[in-house]
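Following: one structure in structure tokens, then a few remarks.
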Amino acid sequence: MTVLRCTAKLLKRLKQPAKPVEPSPETNPLGEWYADIDFWRRQPFVVMLNAATGAVLVLPSDAAGLRRLHERALLQFAAISEHVGLRGPGVDAELHGFDAGFTYAATRDRSLLASLNQRKLEFWMALEYSDRSLPEVVAQEWDDLFKHPTLGRNTRHNMEYHRPLDLVRQRLPPSVVPISLCRPSVDTVN
């Protein structure tokens, strides 16, 4: 199961207690996700932010969407992973965590809530003033910048900001394909 830390507004929409029981540690590779509900052009959307990487998902959240939130998160995460070329057992494990459903919890990190609010504003601005679709905007956000006190400095670029896609790749390494499977052996070549 995946821990989804929701704002009070989203917990109310999900018909969860305002102060849910603190869940056991998550088993998915990316860890906890933070979520909030917001509206764009009168349509409700759940914006999810991964606490460890800054990767985001934006999911339609009408009544049916809230009931199947984990399925929609699974589908969008799989589509973006495929789009950016992420494959392997780490991605499969994260998808399995989504498939098992969410364990709802209250938020506890104000820095992540601020990042979540900033991402929401960026989404709505991109959707309003560009000709990109929702999946394109979400995929673009994985290539943006993310800052959190627990991450420290980015030694590669000597700054405090990290690219979510780089952090996701670190946590979900691709599977290693044996060289013998990649190239034909000398004996089989005529």
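Every number here is computed from the coordinates shown, using simple stated rules; none is lab data. What you are looking at is a predicted structure, and each value in this text was computed from that prediction instead of being measured. Glycine also receives a Cβ, built like all others from the backbone with ideal geometry; neighbour counts cover every protein chain displayed.
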For Lys120, go through the lysines and keep the ones whose alpha-carbon is under 19 Å away, minus same-chain ones fewer than eight residues off. Lys9, Lys147
If one computes the Cα centroid of region 59-73 and of region 119-173, what distance in Å separates the two points? 23
On the first, second and third principal axes, largest extent first, how far apart are the outermost C-alpha atoms of the chain in Å? 67, 35, 34
Region 29-92: relative contact order as a whole-number percent, Cα under 8 Å and 6+ apart: 22
Tensor-based shape of region 81-164 (alpha-carbon gyration tensor, a/c under 1.5 rounded, otherwise prolate or oblate): rounded
Scanning the chain for trypsin sites (Lys or Arg not before Pro) in DSSP loops with at most 11 other Cβ atoms within 10 Å, what's the longest stretch left with none? 43-152
